[in-house]
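Visitor: Pasting a structure here, questions to come.
Readers should treat all values here as calculations from the given coordinates under stated rules, not as data from a laboratory. Since this is a predicted model, take the numbers as computed values, not measurements. Glycine gets a Cβ as well: all are built from the backbone with ideal geometry, and neighbour counts include every protein chain shown.
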């Protein structure tokens, strides 16, 4: 870089800021200053209107409130125990080899290795570095909890199934709190699927486990509604496009899960 | 933009769960971040959605922000850039012209509007043809009118380096526009 270039760069910088008005021609920089002014006039974005600022703030506040409503989910709250678990798992792995960790993947609540499975999940959450990564993991873990409930009920292990059902509402809390704005459809579909599976489990659940099952069903349904409402959070829709967007986004009103299966005769 | 040391205090309070503190950070930085997003996407509603995502991600990443002379606005800018990368991955940019037609420009103004759109398209195309750091310095210094000091913090360069970068970027842009103008005349 020549000293001439540096001095021209300094002069252009001042001219663009308007702190050196009237000197545009002196260093042959007039064309660049005019170009900058032209660009600003044509392409500079407007300052956000107060409405936009308030609308986005409301949306952020709602999401933050949802996160704060589930403090157990905060990274800070899971960080310390998870690091302790990571250490424990390292010791386990060194002692018993990676087989234990691998075998734990198929473990169900009540199994000896189930704690290892859950510990590995916490470690994966700690190692995730993005909100989208956290969200994807929590979705994956929620599906696992559902699979575990179904597997336990299939094997008639109702004591373990009942405990898993008692923990299930918290699974939905996590899912809803960490869901991403652009994943509303998939979250709603996921929770609808959860409702279907829980309704299937309900058909064979003994009376003792019914209260836990009903609470799980209610939480899944409420979670689905919360996610659906998030989709309906006021969004700037240009006049005249409201109907089109509403229809395309939401599609036809869906029959509640479970009901739909009965109407269709099941499979 | 006065950022230190008050930003660091606000971040510490927000990290401890103080919603007011995070609200203050939002009020302070919403405009520059929103305007930055607005020059990178075509639709205003996309800029709003992305701004929401940026501030939510920032809130969730407060634990990862360490002051160390790196201002909070630069942290937000990095979050915004990552959010934009995700956005482009999911949704390729749409053409201005298609959008203009969609918006239903009045017939009598159509010719003028098309000429204006063509000029805008040329300018955007010329900027898009520049190296990424040239594009970025034009966006931050010229389109957003950010001070050199802030641009330097956001781009993690010295102020002198930003001034030279801006000079080279503007000179390169002018050359590209002149060339395309001459090409059009020779056709």
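Visitor: Tell me, what is the percent relative contact order of region B:6-90, built from C-alpha pairs under 8 Å that lie six or more residues apart?
Guide: Relative CO of region B:6-90 lands at 31 percent.
Visitor: Over the Cα atoms of region B:109-186, what Rg and Dmax result, in angstrom?
Guide: My reading of the Cα-based Rg and Dmax gives 14.7, 46 Å.
Visitor: For a protection proxy built on the mean count of beta-carbon atoms within 10 angstrom, sort A:5-11, A:186-192, A:199-205, B:176-182 highest first, please.
Guide: Result, highest mean first: A:186-192, A:5-11, A:199-205, B:176-182.
Visitor: Across peptide B:158-164, how many C-beta atoms of other chains are within 10 Å of each residue C-beta, on average?
Guide: 4
Visitor: Moving to a separate point now. For peptide B:19-29, how many partner chain Cβ atoms fall within 10 Å of a residue's Cβ, on average?
Guide: 2
Visitor: Using the C-alpha gyration tensor of region A:123-232, what are the square roots of 5 times its eigenvalues, in whole angstrom, with the largest one first?
Guide: 25, 16, 10
Visitor: Let me test this: with uniform point scatterers at the alpha carbons of region B:6-90, what is the Debye-based log₁₀ I(q)/I(0) at q = 0.11, 0.22, 0.23, 0.26 1/Å?
Guide: -0.28, -1.02, -1.09, -1.31
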